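Novice: Questions regarding the structure given below will be posed in turn.
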Amino acid sequence: MPFHSQSLTSKRHTAIALGFGVCLAILSILYLTAGSARAATATGANTGGAEFAPTPATTPGLRATIAEDGRTAIAPVDAPLEVQKAIWAANEITHKPYIYGGGHKSFKSRGYDCSGTISYALHGGDLLDAPLNSSGFMTWGVRGKGNWITVYTNPGHAYTIIAGLRLDTSGKGEKGPRWRSESRSARGFRARHPEGL
């Protein structure tokens, strides 16, 4: 074999060997990186990237309680998930002001009225697809009190009791979407509830 052919063959073998070595090095780095990520995940270490919000706090038993901040509610651990999610959703708007008609066109609003507040909470619990006004709630769901959620409504006002705690825009203190521990008369209101709850 001529000299120049041997030289070309040798160069090809060297290039292949180098390419193979580079591939092995890259695979080793990927393997070690994946192993470190698995170990960090297993030990609960923060590996960076997107982080998930912690699950909101719950309270033992069957009844919701007002949190220390006086504005938000703590869902009962034994409540169905829909009920817990409705409470957590309502908590998102307890700093919003009362605005007549607020929350009627869209669940997202700069303020809420009575039925807009209830609509937002029920939507958060996957129990309502579109906002309703207080008259709309008069035919929503099932007649009577529910075990977990009851909406009290008439053509002029609506409020709800969720896991024993009242969500209302009227009562003592600030107007607007608020959790309230004191009860109110249901006289003149129609009681409705989501089926099964």
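Novice: Would you confirm, using the coordinates I've provided, whether residue 28 is of a type in the set (Ser, Thr, Tyr) and modelled with pLDDT under 95? Give the steps one after another, and end with the answer.
Specialist: Working: of a type in the set (Ser, Thr, Tyr): yes; modelled with pLDDT under 95: yes.
For residue 28, the condition - of a type in the set (Ser, Thr, Tyr) and modelled with pLDDT under 95 - is met.
Novice: Inside the range 77-88, can you point out the residues that are over 17 Å from residue 193 (Cβ atoms) and buried (at least 17 other Cβ atoms within 10 Å of the Cβ)? Steps first, please.
Specialist: First, pick out the residues of the range 77-88 that are over 17 Å from residue 193 (Cβ atoms): 77-78, 88.
Within the range 77-88, just 88 meets the criteria.
Novice: Still on this structure, please answer the following. I'd like the residue in the range 164-178 that is at pLDDT 90 or above and farther than 19 Å from residue 147 by Cβ and, out of all such residues, is surrounded by the most Cβ atoms within 10 Å (Cβ to Cβ).
Specialist: Residues of the range 164-178 that are at pLDDT 90 or above, as a first pass: 164-170, 176-178.
Filter once more, keeping what is farther than 19 Å from residue 147 by Cβ: 168-170, 176-178.
Details: 168: 22, 169: 27, 170: 13, 176: 21, 177: 29, 178: 26.
Among residues in the range 164-178 that are at pLDDT 90 or above and farther than 19 Å from residue 147 by Cβ, the one surrounded by the most Cβ atoms within 10 Å (Cβ to Cβ) is 177.
Novice: All but one of (1) surrounded by 14 or more Cβ atoms within 10 Å (Cβ to Cβ); (2) among the hydroxyl-bearing types (Ser, Thr, Tyr); (3) at pLDDT below 95 hold for residue 106, so report the exception by its number.
Specialist: (1)
Novice: Separate question: It is to be established whether one or more residues within the range 123-146 are β-branched (Val, Ile, Thr), in contact (Cβ under 8 Å) with a residue 60 or more places away in the chain and touching an Asp or Glu at 6+ places or on another chain (Cβ under 8 Å). Can you show your working first?
Specialist: Step one: filter the range 123-146 for residues β-branched (Val, Ile, Thr), giving 139, 142.
Next cut, in contact (Cβ under 8 Å) with a residue 60 or more places away in the chain only: none.
Among the residues of the range 123-146, not one is β-branched (Val, Ile, Thr), in contact (Cβ under 8 Å) with a residue 60 or more places away in the chain and touching an Asp or Glu at 6+ places or on another chain (Cβ under 8 Å), which makes the answer no.
Novice: May I pose another question? Taking the range 101-149 as the search range and keeping residues that are of a type in the set (Val, Ile, Thr) and more than 21 Å from the chain's Cα centre (by Cα), which one is farthest from residue 87 (Cα to Cα)? Spell out the reasoning first.
Specialist: As a first pass, look at the range 101-149 and keep what is of a type in the set (Val, Ile, Thr): 117-118, 139, 142, 149.
Those still in the list that are more than 21 Å from the chain's Cα centre (by Cα) too: 139, 142.
Numbers: 139: 22, 142: 20 Å.
Among those that are of a type in the set (Val, Ile, Thr) and more than 21 Å from the chain's Cα centre (by Cα), it is 139.
The values are calculated or read from the model by the stated rules, or taken from the named source; none is laboratory data. Keep in mind it's a predicted model, so treat the numbers as computed, not measured. Using ideal geometry, Cβ is built from the backbone for each residue, glycine included, and neighbour counts are taken over all protein chains shown.
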